[in-house]
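Some notes on the structure that comes next.
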Amino acid sequence: MKPCVFVTRPILPGPLERLAAIAEVRVHEGEGLLSAAELRAQVTGIDALFCHLTDIVDEALLEAAGPQLRIVANYAVGYNNIDLDACRRRGVAATNTPGVLTESTADIAFALLLAVTRRLVEGDHMVRAGEFNGWAPQMLLGHEISGKTLGIIGCGRIGQAMARRARGFGLSLLYTQRKPLAGDLGRELGLEYVSLDELLEHSDFISLHCPLTPETHHLLGRTQLARMKREAILINTARGPVVDEAALVEFLQKKELGGAGFDVYEHEPQLSPGLAELDNVVLLPHIGSATVETRRRMGEMVVDNILAALQGRRPPNAL
Ligand code: DGY
């Protein structure tokens with residue numbers, strides 16, 4: 001009998017054909033998300049789970065799947081939705097998609113930086129609303145990014161890709177993470193390693209690129225936001241709960257921060273009260289990796305991981 005793979009949401013056509021050659025592939029075709037109970041009902045008896053960052057993979061789900069489950073393959077680089085300890089205890093492999101969404105995510109982070117500093121969305125709204133009555137010397141004044149300092153929190157692949165973009169735009173670069181980058185990489189990218197507090201105090205713009213873990217949950221809370229410059233702009237394309245969003249809204253409302261660009265939210269897809277009413281923020285619907293090229297590569301990578309597990313090999317992106 002062929003092994004069974006359950007795919008929790010439809011993906012771009014292509015990658016699943018390779019799986020279908022050796023497995024029965026069942027795709028949840030519905031528009032919306034499966035609830036935890038629906039997901040548990042769907043996974044009973046499957047051998048592999050092709051899941052998304054919106055699916056919570058916990059003890060209860062693994063239990064519902066049964067002991068034959070070999071792999072939980074996430075269609076994302078972030079894997080805070082997966083209880084890795086529970087997977088380990090049950091001998092289930094867990095995988096992610098590192099590397100293939102680096103450039104697309106850094107593009108969105110940089111696009112947000114430019115959109116907030118140059119007020120692109122406000123400008124677009126103004127033109128569409130028929131309120132553009134011709135060039136004016138004080139209309140929609142923003143701030144230049146050239147010559148300013150960008151602080152990068154979490155300087156893995158995506159943080160480094162952000163640094164490369166920022167260098168091209170004439171920014172000075174600070175970064176913080178648990179340990180400095182190995183070898184000459186930091187120097188080559190023009191990055192200076194500093195503590196979190198130093199980064200908060202000296203950066204004009206701050207971009208988050210760290211994973212969500214218990215250590216990074218609310219890494220930027222009230223105390224940290226208070227250390228930032230009053231004009232500073234915060235960009236988050238990592239994971240929402242890294243920032244205490246309620247505190248951030250208060251700081252933005254009181255103009256104790258310059259602005260923010262968000263692709264991810266603490267209570268995604270819900271927004272914290274007040275966030276959508278602010279004019280100094282640009283809000284995107286978690287589209288960091290949303291390019292045709294990236295999503296194709298992510299799909300292929302997930303399939304490679306599942307095929308390896310089903311064929312008794314170690315998946316290439318085992319966590
Ligand atoms: C990821 O892969 O973690 C991204 O957030 C998905 O776009």
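Quick rundown of the values:
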item	result
Spatial extent of segment 147-199: Rg and Dmax, with the Cα atoms as the point set, Å	9.9, 27
Between segment 190-240 and segment 258-290, the Cα center-to-center distance that results, in Å	16
Debye equation applied to the C-alpha atoms of segment 115-213, log10 I(q)/I(0) at 0.14, 0.18 Å⁻¹	-0.61, -0.82
Sites Lys179 and Glu268, calculated FRET efficiency, Cβ-Cβ separation with R0 30 Å, nearest 0.05	0.55
Share, in percent, of DSSP beta bridges within the chain that are antiparallel, nearest 5	5
For the chain, accessible area per residue (1.4 Å probe, heavy atoms of protein chains only), Å²	49
Coarse-grained scattering of segment 197-244 at q = 0.18, 0.25, 0.26, 0.32 Å⁻¹, given as base-10 log I(q)/I(0) from a Debye sum over alpha-carbon atoms	-0.50, -0.94, -1.01, -1.30
Proximal lysine pairs, the chain, alpha carbons under 27 Å, eight or more residues apart or interchain	7
Rg over Rh [alpha-carbon atoms, Kirkwood Rh] for the chain	1.01
Stretch gain in nm, segment Arg313-Gln138, where the contour uses 0.36 nm per residue and the Cα spacing is subtracted	56.7 nm
Difference of contour (0.36 nm per residue) and Cα-Cα distance, Glu29 to Met126	31.1 nm
For segment 93-98, 3J(HN,Hα) per residue [Karplus equation, 6.51 cos²θ - 1.76 cosθ + 1.60, θ = phi - 60°, Hz, x = Gly/Pro]	6, 10, 9, 9, 10, x
Relative pair counts by distance (%), Cα atoms of segment 1-58, 10 Å bins	23, 56, 21, 0
In Å², nearest 10: area of Met139 left accessible to a 1.4 Å probe	60
When segment 64-165 is reduced to its Cα atoms, the Kirkwood hydrodynamic radius in Å	17.7
Label-point separation in nm, Ala37 to Ala276, each point 7 Å along Cα→Cβ	2.7
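The values are calculated or read from the model by the stated rules, or taken from the named source; none is laboratory data. In this text, all values refer to a predicted model and were calculated from it rather than measured experimentally. Here Cβ is always computed from backbone atoms with ideal geometry, including for glycine, and neighbour counts include all displayed protein chains. Calculation scope for accessible area: heavy atoms of the full protein, side chains included, ligands and nucleic acids excluded. Shrake-Rupley method; radii C 1.70, N 1.55, O 1.52, S 1.80 Å.
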